[in-house]
Every structure is written in structure tokens, then in C-alpha cells.
Amino acid sequence: MTDHTPSGPAYRIPSSLGVAAHEALEAAHNAHERIGRAMCVVTAAAVRDILTGHESDAPFDASAVELVQGVSGSLFPTGRYWTAAGYAGTFSDAVGETDAGNGVHGMSEWTTYLNDDTRDVWRPLCTELHDRDGRPSFAFDLIRAAALTLDGPVPAPAALQRGEMVDVMVCANEVNRYPAKVDPTDQQDGYVKPWFDLETVRRIAADTQADAARHGYDSIDTVHVLEGGDNRVRHDGSVESAKYAVVLVVCWMYLDGDKREQAVEIVQPSADGRYAIGGFEWCWYALSDDGLTPLIPFEPQSRNAG
């Protein structure tokens, strides 16, 4: 048996291939970046269109929208959004089930491009939220997304178009006082709209239920905090213990009348986990620093006037 030395290599690689590969990778990166930027802007436009009925000049106040990452790595809208003042709402609440469903479906055609390929663009615009059904969830900054161009740096977080939230004590019945955050520019007839943390909501729940049991349910709205938990599987396969809280407000007077469908309200938390209990309907008013004087209307500087 005779060994034969190969007369030449089995195949040849062009010497220019390395340069071409780097050029192709750079071109692909640039293309993904431009796609990501374009789709971020389109996502912001889609939210505006849904909330305004495609009237581009109509006012709207959405500043962030919830996006959930699917198994494929793409982001998808849930229909939940937040205003600059911290209100959490849904497309369904704003425009009805049909238009909201069509809007979410249409948005998904664009947000599917917000995936691992374009992550460098969209991730800096997101604040991570609690997982939804084991999937990563984000609050997507619509204001910064709308300011993106096809080239140039990602805009820094802009100042919110609202008054600064301040810490106050509030009261609605001349008896119970609670710490809250309020926007001094968000008032009706001098009454404020307080945002409470969950621990304070628990206090309000206990107080309203005790008052209703003592005085009757015909004139007192009661607050209820339903809490539970489970184990959920994260996208990386690990198991995490999750706790949930659902905040309900029950207006017992509505149960027998024409407003019975509005008798029970599920209060959605803001992006920072605060709840607006009672809104303006409860006639919440801010108190002076000593907790004795109602400030109606509320002016922050008056709190330091003595």
C-alpha cells in the first residue's frame, strides 16, 4: 500500500474574508440599531394613536407603557400604561375593549422588532418591573422613545411634564391622617389626589372597614387588600417566590342603583407601587406641618409658613 501526499489543500479561504466578515457584522449592527430606533419611535406613536383615536393633535398624557418579553425575546404590549403623574390605566379603560384589542394587536407588529438584536437601543429606555407569568416585564419610556432619531445618542431621561410630587399628611374625614405623595398641580376645588404606599393602604383598609362596621355601610366606602403568592418560573428556569396584592374599593351605596357596575373598583398601582385611593371623590385635603390645619387649596410653600 502506498501513501500519497495531497497535492494541495482541501479548500482555500480568500485572504479578504476577515475584512469582509467584519464589514458585514458592522453593517448588520448598524442596521439593527436603526431598526430598533425606528421601532421605538413607532411604538410611542402607536400608543398615542390608540389613546387619541389616531388624532395626532389630540391631547394625551401617557408617559410609559408596559411591554413583556416573550419566549422569542421580542417585546409585546399588555395594554397597560402610566401617565406622567403616576396614574396607571389600561387601553381598555381609555378606549374600550374592541379598540384596545385592535391597538395591542397592531402595536405587536412593531414591538416584535424590539428583541435581542435591537436590545442595545430599547433596553436603556426601560425600567424593569415585576415579571408577568414568569416573563420579564418593562415600563417603556414613551417620551424618550419619541425623541429618538435614526442616529445619535439615546436621549437622557427628560423632566416629567408635571408638578413635583411632595410628601404631605392628608385627611378626608377630620379624624384619620395618612402620609402620602401628591402633585400640587393636580387639584380639584382645592382637594388633592394622594398616592399611598401599600402599608398605608392597609391602614386605610382597616380604618374604613372598622368605620363601616360601626356606623353602617350606607355612607362609607371600604378598602380591601387581597394578598397572595405563588412560585413562578423565571425565563432562565429558576424558581422565584412571588407575592401579589390586589386593592379594591367598594362603594356600597352603588350596589342597588344604576351605578352598580361601578360599585367595585380595582385600584391599579403606579409605576413606583403607589395607589390613588378615593381620588378626588373622597375630598382629600392636605394638612399643615403640625397636622392640624387643612390647606385648601394646597400650596407647598404654605406648609412652611407656620
Exercise. Would you check which residues across segment 266-302 are under 22 Å from the mean Cα position of the chain (by Cα) and open to solvent by 90 Å² or more (accessible area, probe 1.4 Å) and list them?
Key: 266, 272
Practice problem: Evaluate segment 203-215: report whether one residue or more is in a strand (DSSP E or B), closer than 17 Å to residue 281 by Cβ and of a type in the set (Gly, Ala, Ser). | Solution: no
Quiz item: Only one of (1) at pLDDT 90 or above; (2) open to solvent by less than 60 Å² (accessible area, probe 1.4 Å) fails for residue 154. Which number is that?
Solution: (1)
Practice problem: Return a yes/no flag: does segment 125-136 have any residue that is modelled with pLDDT of 90 or more, touching a Gly at 6+ places or on another chain (Cβ under 9 Å) and more than 26 Å from residue 230 (Cβ to Cβ). | Solution: no
Self-check item: When residues of segment 187-205 are limited to those that are open to solvent by 60 Å² or more (accessible area, probe 1.4 Å) and under 15 Å from residue 222 (Cβ atoms), the one nearest to the chain's Cα centre (by Cα)
Solution: 202
Practice problem: Could you list all residues from segment 91-117 that are exposed (fewer than 15 other Cβ atoms within 10 Å of the Cβ) and not in a helix (DSSP H, G or I)? | Solution: 96
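The values are calculated or read from the model by the stated rules, or taken from the named source; none is laboratory data. None of the values given here were measured: they were computed from a predicted structure. Cβ coordinates were reconstructed from backbone atoms using ideal geometry, including for glycine residues, and neighbour counts include every protein chain displayed. Only protein heavy atoms, including side chains, enter the accessible area calculation; ligands, DNA and RNA are left aside. Shrake-Rupley method; radii C 1.70, N 1.55, O 1.52, S 1.80 Å.
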